[in-house]
Amino acid sequence: MRRLSFGAFFAMKTALLALMCLLALAGPGQAVKPPTVPPKAVSAAQDAAKARLAEARAKVAAQSAEAARLGRELAALEAARDAEARRLAALTAALWPVRAESLAGAAQAEDWAEADRRFVWTRSLIEAAGASRLAFEAAAAKAKAGRLARDDAALRLLAGRKEADVAFAAAVAGRLRELEAASSPPGRGDEAALAEALDAAAAPDDGAAGEASTGEEGAAGPAVFTPPPGGLAWPSQGRVALPFAPSGRDARQGLVLAVPEGSPVVAAADGRVVFTGTLRGLGRVLILAHDDRCHTVYACLSETSLAVGEVVPRQGTLGRSGYCNQTRAPGVYFELRFREKALNPAEWLAVRR
């Protein structure tokens with residue numbers, strides 16, 4: 001075996017010492033530690049996200065009002081078209097006996113006076129029918145144009161709602177990052193952080209609007225929550241382990257269903273995915289947006305394959321249940337929010353059969 005010379009051994013030892021020094025200077029965790037974002041930068045980003053959300057919601061409110069106006073105009077145009085159609089049908093029915101007599105070769109009137117009266121009457125019917133046909137065609141053209149305008153407004157409203165969904169997700173995620181960057185008060189868990197993030201996404205005038213509104217749908221949407229026909233679908237088949245408790249020592253903005261781990265979790269109503277993420281005390285969290293500023297929150301999920309922007313039908317699969325920290329057992333956490341304010345889900349879920 002060939003022995004190393006003293007010079008080669010000294011060079012190898014020097015290189016090894018240099019490598020150890022470099023590793024010591026780099027530190028054990030600095031290679032994988034992400035850069036720390038200053039709290040001021042996080043707060044500024046959150047303010048920008050809330051501004052985009054407010055702008056998107058204002059656009060949706062204007063588009064919704066425009067779509068409703070065009071819908072009313074279309075209904076009036078279609079009513080006018082149908083009235084002209086009925087008038088034209090009545091005139092055509094009155095003219096048919098005259099045409100039938102002509103085809104059958106019926107005898108002519110006995111005198112010129114009777115023939116003249118019949119001629120005048122027939123001509124007036126024909127003129128009225130021609131005018132009615134022109135009026136019907138004009139009304140039909142207006143109704144067609146109104147339908148196209150309404151459909152175009154509906155497409156713009158759909159695009160606006162998608163934009164608002166993206167802004168909502170950014171506002172919630174930004175508030176969660178802001179809470180992580182700040183010092184957390186003692187005893188505040190991830191459930192409280194999620195509730196605070198959702199509250200932060202509420203419009204500033206929601207409280208006043210709820211008190212002043214008479215329940216009719218305005219520019220910002222209805223002031224009273226209206227469930228879908230038949231009520232909301234149960235997210236999973238299980239008993240209520242922890243009920244809704246908005247105040248008290250163990251405040252809870254939703255309820256917990258006790259179900260075996262891996263049970264299917266489904267959507268309570270038709271909706272769009274606006275947030276997915278993981279929180280330490282809630283596991284995987286998924287939020288669906290429904291029409292008229294309604295959201296449902298599903299947490300303690302073990303898995304989900306949905307992404308922001310996907311559309312889910314009522315009782316469509318969202319994922320699987322996992323471990324629920326609130327009960328220290330398998331389960332699903334569920335919230336119902338209207339204008340970002342928590343409601344008792346048990347009052348709106350469909351009756352089990």
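Could you figure out which of (1) touching a residue at least 40 places away in the same chain (Cβ under 8 Å); (2) closer than 20 Å to Gly230 by Cβ isn't true of Tyr323?
Answer for Tyr323: the failing condition is (2).
From the residues in the stretch 54-63 that are of a type outside the set (Gly, Ala, Ser) and at pLDDT 80 or above, which one is surrounded by the fewest Cβ atoms within 10 Å (Cβ to Cβ)? Give the derivation first.
Taking the stretch 54-63 and keeping what is of a type outside the set (Gly, Ala, Ser), we get 55, 57, 59-60, 63.
Now restrict to residues that are at pLDDT 80 or above: 55, 59-60, 63.
Numbers: Glu55: 13, Lys59: 17, Val60: 25, Gln63: 19.
Filtering first and then ranking leaves Glu55.
Please find, within the stretch 139-161, the residue that is farthest from Leu194 (Cα to Cα) out of those that are among the basic types (Lys, Arg), in contact (Cβ under 8 Å) with a residue 12 or more places away in the chain and surrounded by fewer than 18 Cβ atoms within 10 Å (Cβ to Cβ). Lay out the reasoning, then the answer.
Of the stretch 139-161, the ones among the basic types (Lys, Arg) are 142, 144, 147, 150, 156, 161.
Okay, now just the ones that are also in contact (Cβ under 8 Å) with a residue 12 or more places away in the chain, so 142, 147, 150, 156, 161.
Keeping just the survivors that are surrounded by fewer than 18 Cβ atoms within 10 Å (Cβ to Cβ) gives 142, 147, 156.
Details: Lys142: 50, Arg147: 42, Arg156: 31 Å.
Checking each candidate, the answer is Lys142.
Within the stretch 330-338, identify whether any single residue is among the basic types (Lys, Arg) and farther than 18 Å from Leu176 by Cβ, and answer yes or no.
No, that holds for no residue.
When residues of the stretch 323-338 are filtered for being surrounded by 21 or more Cβ atoms within 10 Å (Cβ to Cβ) and either touching a Cys at 6+ places or on another chain (Cβ under 6 Å) or over 16 Å from Ala233 (Cβ atoms) (or both), how many remain?
Step one: filter the stretch 323-338 for residues surrounded by 21 or more Cβ atoms within 10 Å (Cβ to Cβ), giving 324, 331-338.
Right, trim to either touching a Cys at 6+ places or on another chain (Cβ under 6 Å) or over 16 Å from Ala233 (Cβ atoms) (or both) and you get 324, 331-333, 337-338.
So the answer is 6.
Is there a residue in the stretch 305-313 that is of a type in the set (Asp, Glu), surrounded by fewer than 20 Cβ atoms within 10 Å (Cβ to Cβ), over 19 Å from Gly238 (Cβ atoms) and touching a strand residue (DSSP E or B) at 6+ places or on another chain (Cβ under 8 Å)? Please lay out each step first, then the result.
Start the filter on the stretch 305-313 by keeping residues that are of a type in the set (Asp, Glu), which leaves 310.
Then drop every residue that is not surrounded by fewer than 20 Cβ atoms within 10 Å (Cβ to Cβ), which leaves 310.
Those still in the list that are over 19 Å from Gly238 (Cβ atoms) too: 310.
From what is left, the residues that are touching a strand residue (DSSP E or B) at 6+ places or on another chain (Cβ under 8 Å) are 310.
For the stretch 305-313, residues of a type in the set (Asp, Glu), surrounded by fewer than 20 Cβ atoms within 10 Å (Cβ to Cβ), over 19 Å from Gly238 (Cβ atoms) and touching a strand residue (DSSP E or B) at 6+ places or on another chain (Cβ under 8 Å): present.
Out of all the residues in the stretch 84-104, is one or more outside any helix (DSSP H, G or I) and at pLDDT below 80?
Within the stretch 84-104, none of the residues are outside any helix (DSSP H, G or I) and at pLDDT below 80.
Specify which of the listed residues (Ala154, Ala128) is farther than 16 Å from Ala68 by Cα and in a helix (DSSP H, G or I).
Details: Ala154 fails: farther than 16 Å from Ala68 by Cα.
Checking each option against the conditions leaves just Ala128.
Does any residue of the stretch 47-69 turn out to be over 21 Å from the mean Cα position of the chain (by Cα), assigned to a helix (DSSP H, G or I) and closer than 30 Å to Asp199 by Cα?
Yes, the stretch 47-69 has at least one match.
Which ranges mark the strands (runs of 3 or more DSSP E) fully within the stretch 176-281 that have 2 or more residues being modelled with pLDDT of 70 or more and surrounded by fewer than 18 Cβ atoms within 10 Å (Cβ to Cβ)?
Filter on the stretch 176-281 gives 239-242, 271-279.
Looking for something among the hydrophobic types (A, V, I, L, M, F, W, C) and closer than 16 Å to Leu198 by Cα - is there at least one such residue anywhere in the stretch 243-265?
Scanning the stretch 243-265, I find at least one residue that is among the hydrophobic types (A, V, I, L, M, F, W, C) and closer than 16 Å to Leu198 by Cα, so the answer is yes.
State yes or no: is Leu77 more than 24 Å from Val297 (Cα to Cα), within 29 Å of the chain's Cα centre (by Cα), modelled with pLDDT of 85 or more and in a helix (DSSP H, G or I)?
Judged against the criteria, Leu77 is not a match.
The values are calculated or read from the model by the stated rules, or taken from the named source; none is laboratory data. Not measured: the values here are computed from a predicted model. In this analysis, Cβ positions are derived from the backbone assuming ideal geometry, glycine residues included, and neighbour counts consider all displayed protein chains.
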